[in-house]
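Every read-out reported here was derived from the displayed coordinates using simple, explicitly stated rules and does not represent laboratory data. Computed from a predicted model, the values in this text were never measured in an experiment. Using ideal geometry, Cβ is built from the backbone for each residue, glycine included, and neighbour counts are taken over all protein chains shown.
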Amino acid sequence: MRYLALIAAMLTLPAQAQPTATGDLGLVIERATGSVLLIDQSDRAALARIDGLGDLSHASLVYSPDQRFAYVFGRDGGLTKLDIVTRQIAGRVVQSGNAIGGAISDDGQLVAVSNYDPGGVRVFDAETLEMVADIPTGGKTIGLVDAPGRRFVFTIWDSGETWIADFSGTAPEITKIPDMGRNPYDALITANGRTYITGLFGEDGLTALDLWSDDPQPIRVLPGYGRGQQEMPVYKMPHLEGWADAGSEFVLPAVGHHEVLWIDARTLKETARTQTHGQPVFAMARPDGRHVWVNFAHPLNDTIQVIDTLSKQVIHEFKPGPAVLHMEFTPRGHEVWISVRDANKVMVYDTQSFEKLREIDAESPSGIFFTARAHKTGL
């Protein structure tokens, strides 16, 4: 009887959910269908497709610190919270008419979105997606990143200003830094949160800020680079968020030229240039910094080049397929996952042998985001 009573008691206990690990997962943006593909690194496989995310023609995302939730920033102003454990949408708000990316605070409590229409930055509670701050800027807002100390940094295309929004107190404090340059189009922040660099479309060169300074002032980087050369049409703006931190140097895609630029990370002075196959879009360093992988704008966007960071020479070139849009390294860099939009494939390559390991079907794939990004500043 005692045995039967024990069995009966066990049957009345609530069922325990199976634990789900998310550290090996990632999401692929499927830009044409408003969906994302949940992927597994170790199995090199797609696990699920999640629909209903709106216009993802220029989309990005960030992760919560526990790597469970993804916040997807859509072109249509949609901010969508995804639960990658349940594989469902956990919340969604259309917060503007046209958005261009976002960031999550270092404590994981705030999600910020930068907007083209109506401009400015809107900040939301990461748990509820309720808006906690609306920061109008009077222009298109780009280059939004998180910075240490519950801060967001962003730049305005129209005015050439960079703003720092500090949310560490009871109300946000805004610091405005003018004279960053004409028509800044994108920006990056270094992994230690110290240096913010914005690229300029309206003039040659870049501008940096030292965020460790009590009074950050614009620092001109490569002023006048490309002057005196025949300028080429810009088919696609390069993405500074796909910059390379190769040890003691930054590697940045040049605007309107077939080259990448090497900059000393300490002095911000140019150290070299490498001629490339086409106009670079992403120049991304393998996590150990040994190689930089570069893809290119239309019409030369079927090609990837690999550059050695010691010799600064191209050591490998191959053609994964039509419209290579994005690359993402596994956290330790043993593989790289590449979205090939017009082949409707995500392709996985060994970064040492350059051997193709797997192809995964995807609908017009673009951005690839592994959950390891949850623990990196600026990603």
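May I ask you to compute the full-extension gain from residue 215 to residue 132, defined as 0.36 nm times their residue separation minus their alpha-carbon distance, rounded to one decimal in nm? It would help to have the intermediate numbers written out before the result.
Details: separation 83, 0.36 × 83 = 29.88 nm, distance 2.67 nm.
The span from residue 215 to residue 132 would gain 27.2 nm if fully extended.
Could you tell me how far the Cα centroid of region 242-300 sits from the Cα centroid of region 129-146, in Å?
28 Å
Restricting attention to the alpha-carbon atoms of the chain, what are Rg (one decimal) and Dmax (integer), both in Å?
Answer for the chain, Rg first and Dmax second: 21.6, 94 Å.
More than 17 angstrom separation, counting every C-alpha pair in region 106-178; what % is that?
The calculated P(r) of region 106-178 puts 37 percent of pairs beyond 17 Å.
For the residue pair residue 203 and residue 352, what label-to-label distance in nm results when each label sits 7 Å from Cα along the Cα-to-beta-carbon direction?
Between residue 203 and residue 352, the label points sit 4.8 nm apart.
Using +1 on the beta carbon of Lys and Arg, -1 on that of Asp and Glu, and nothing else charged, what's the dipole of region 55-226 about the Cα centre, debye to 20?
The calculation lands at about 360 debye.
Return 155, 190, 162, 141 ranked ascending by Cβ neighbour count within 10 Å, so the fewest neighbours appear first.
Ascending Cβ contact count within 10 Å gives the list 190, 162, 141, 155.
Suppose we look only past 24 Å in the calculated P(r) of region 55-226. What percent of the Cα-Cα pairs does that tail hold?
Counting pairs separated by more than 24 Å, the tail of P(r) holds 33 percent.
Compute the angle between helix 2-12 and the longest alpha-carbon principal axis of the chain, please, reported from 0 to 90 degrees and rounded to the nearest 10.
So the inclination is approximately 40 degrees.
Could you check which residue among 336, 251, 72 shows the biggest mean-square fluctuation in a GNM of the chain with a 10 Å Cα cutoff?
336
What length, rounded to one decimal in nm, is gained on full extension from residue 376 through to residue 107, with 0.36 nm per residue of separation minus their alpha-carbon distance?
Here the segment from residue 376 to residue 107 would lengthen by 95.6 nm.
Quick one: how many lysine pairs in the chain have C-alpha atoms under 16 angstrom apart, if they're 8 or more apart or on different chains?
4
So what is the 222 nm mean residue ellipticity for the chain from helices alone, if each DSSP H run of at least 4 adds -39500 (n - 2.57) and you divide by all residues, rounding to the nearest 500 deg cm²/dmol?
Here the helix-only value at 222 nm equals -1000 deg cm²/dmol.
Once a ≥ b ≥ c are taken as the square roots of the eigenvalues of the Cα gyration tensor of region 273-340, is the result rounded (a/c under 1.5), prolate (a/b larger than b/c) or oblate (a/b not larger than b/c)?
Verdict is oblate for region 273-340.
Can you compute 3J(HN,Hα) from phi for each residue in region 87-104, using the Karplus curve 6.51 cos²θ - 1.76 cosθ + 1.60 with θ = phi - 60°, rounded to whole Hz and x for Gly and Pro?
Ordered by residue, 3J(HN,Hα) equals 6, 9, 6, 9, x, 7, 9, 8, 9, 6, x, 7, 10, 9, x, x, 7, 10 Hz.
Whole-Hz Karplus ³J(HN,Hα) for region 201-207, in order, using 6.51 cos²θ - 1.76 cosθ + 1.60 and θ = phi - 60°, x for Gly and Pro?
Rounded to whole hertz, the list is 9, x, 7, 6, x, 9, 9.
Please give, to one decimal in nm, the separation of the simple spin-label points placed at residue 318 and residue 179, each 7 Å out from Cα toward the Cβ.
Computed distance between label sites residue 318 and residue 179 equals 4.9 nm.
Amide H to amide H under 5 Å from residue 246: which residues, 5+ apart in sequence or cross-chain, H placed 1.01 Å off N in plane?
251
I need 196, 225, 185 ordered by Cβ neighbour count within 10 Å, fewest first.
If I rank by nearby Cβ atoms, fewest first, I get 225, 185, 196.
From the residues 208, 110, 67, which one has its Cα farthest along the dipole of the chain in the positive direction, the dipole being from +1 and -1 charges on Cβ of Lys/Arg and Asp/Glu about the Cα centre?
It is 67, whose Cα lies furthest towards the positive end.
Please turn the phi angles of region 65-70 into ³J(HN,Hα) values with the Karplus equation 6.51 cos²θ - 1.76 cosθ + 1.60 (θ = phi - 60°), one per residue in order, whole Hz, x for glycine and proline.
Those phi angles translate into x, 7, 6, 8, 10, 10 Hz.
Mind listing the long-range amide H neighbours of residue 101? Cut-off is under 5 Å, sequence gap 5 or more, other chains count too, H placed in the peptide plane at 1.01 Å from N.
Here the answer is 114, since their amide H atoms fall under 5 Å of that of residue 101.
Roughly how many debye, to the nearest 20, is the charge dipole of the chain about its Cα centre, given +1 on each Lys and Arg Cβ, -1 on each Asp and Glu Cβ, and no other charges?
Roughly 500 debye, rounded to the nearest 20.
Take every Cα pair under 8 Å in region 241-370 that's 6+ residues apart, average their separations, divide by the length, and report that relative contact order as a whole percent.
Relative CO of region 241-370 lands at 15 percent.
May I ask you to sort 341, 220 by Cβ crowding, counting other Cβ atoms within 10 Å and putting the fewest first?
Values: 341 21, 220 15.
Going from least to most buried by this count: 220, 341.
Can you check what the Kirkwood hydrodynamic radius comes to for region 139-207, Cα pairs only, in Å to one decimal?
Numbers: mean 1/r = 0.0827 Å⁻¹.
After inverting the pairwise mean of 1/r, the radius is 12.1 Å.
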